[in-house]
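Everything below concerns the one structure shown next.
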Amino acid sequence: MKHGFLIDMDGVIYRGHEVIPGADVFVRQLLDKDIPFLFLTNNSQRTGRDVATRLQRMGMPVEDRHIFTCAMATARFLAAQKPHGTAFIIGEGGLTQALHHNGYSIVDSDPDYVVVGEGRTFTFENVEKAVRMIMNGAKLVATNPDPNCPTSEGLRPGCGAIA
């Protein structure tokens, strides 16, 4: 992206399920003036399409191309390090899709990488499995270092805490 805006989302565009006043007007002005921009998120749970749909429902007519997630960044990084590699993931659909989109296969044994992302569905069994894989030579990669993640119910462990 040449000469445009990079926009963080949570706390800048919305807080929880509420649009921050004026954020939707700002996004529409960027679109009307054809100013390039990307929404950035360090949450790897959702796909770019999922994030775009959430923003559309908040009144912002954005498209998938306006979204860049840490899962996308991680997948691109891994594809540059080892094209067509394998990964065991602790994370959700956005991370799986980004890895697949970048030529990675998701495996349950002997991966090149153990990739940790955001999620609410990890199990201690998967964490134990990941530790054994790392001890056997898989490289550990986390999509972001945040130790916690704010939710409407309060804090929950973030990607960094899980890693």
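General observations
- Candidate set: segment 46-58, residues that are under 18 Å from Pro21 (Cβ atoms) and aliphatic (A, V, I, L, M); chosen: the one least open to solvent (accessible area, probe 1.4 Å): Leu55
- Taking the criterion of being part of a loop (DSSP other than H, G, I, E, B) and of a type in the set (A, V, I, L, M), the residues of segment 8-49 that qualify are Met9, Val12, Ile13, Ile20, Ile35.
- Residue check, Gly91 closer than 12 Å to Arg46 by Cβ and in contact with an Asp or Glu (Cβ under 7 Å, 6 or more places away or on another chain): yes
- The listed residue being open to solvent by 80 Å² or more (accessible area, probe 1.4 Å), within 30 Å of Val27 (Cβ to Cβ) and either assigned to a loop (DSSP other than H, G, I, E, B) or at pLDDT below 95 (or both), out of Pro150, Pro83, Pro61: Pro150
- Taken over segment 64-80, the criterion of being in contact (Cβ under 8 Å) with a residue 24 or more places away in the chain and surrounded by fewer than 17 Cβ atoms within 10 Å (Cβ to Cβ) is satisfied by Ala73, Arg76, Phe77.
- Among the candidates Gly103, Gly94, residue that is assigned to a helix (DSSP H, G or I), open to solvent by less than 70 Å² (accessible area, probe 1.4 Å) and touching a helix residue (DSSP H, G or I) at 6+ places or on another chain (Cβ under 6 Å): Gly94
- Test: residue in segment 131-138 that is charged (D, E, K, R) and modelled with pLDDT of 95 or more: yes
- In the condition set (1) part of a strand (DSSP E or B); (2) without any contact (Cβ under 8 Å) to a residue 40 or more places away in the chain, Phe88 is compliant with all but (2).
- Single unsatisfied condition, Ser109 versus (1) of a type in the set (Ser, Thr, Tyr); (2) free of Cβ contacts under 8 Å to residues at least 12 places away in the same chain; (3) open to solvent by 50 Å² or more (accessible area, probe 1.4 Å): (2)
- Of all the criteria given as (1) more than 18 Å from Glu118 (Cα to Cα); (2) open to solvent by less than 50 Å² (accessible area, probe 1.4 Å), the one not satisfied by Gly16 is (1).
- Of the residues making up segment 94-119, those that are small (Gly, Ala, Ser) and closer than 20 Å to Asn42 by Cα number 4.
- Summed over segment 116-136, the residues that are open to solvent by less than 90 Å² (accessible area, probe 1.4 Å), without any contact (Cβ under 8 Å) to a residue 12 or more places away in the chain and either closer than 22 Å to Met72 by Cβ or not in a loop (DSSP other than H, G, I, E, B) (or both) give a count of 2.
The values are calculated or read from the model by the stated rules, or taken from the named source; none is laboratory data. Computed from a predicted model, the values in this text were never measured in an experiment. Every residue, glycine among them, receives a Cβ derived from its backbone with ideal geometry; neighbour counts consider all protein chains shown. To get the accessible areas, we keep the full protein, side chains included, count just its heavy atoms, and leave off ligands, DNA and RNA. Shrake-Rupley method; radii C 1.70, N 1.55, O 1.52, S 1.80 Å.
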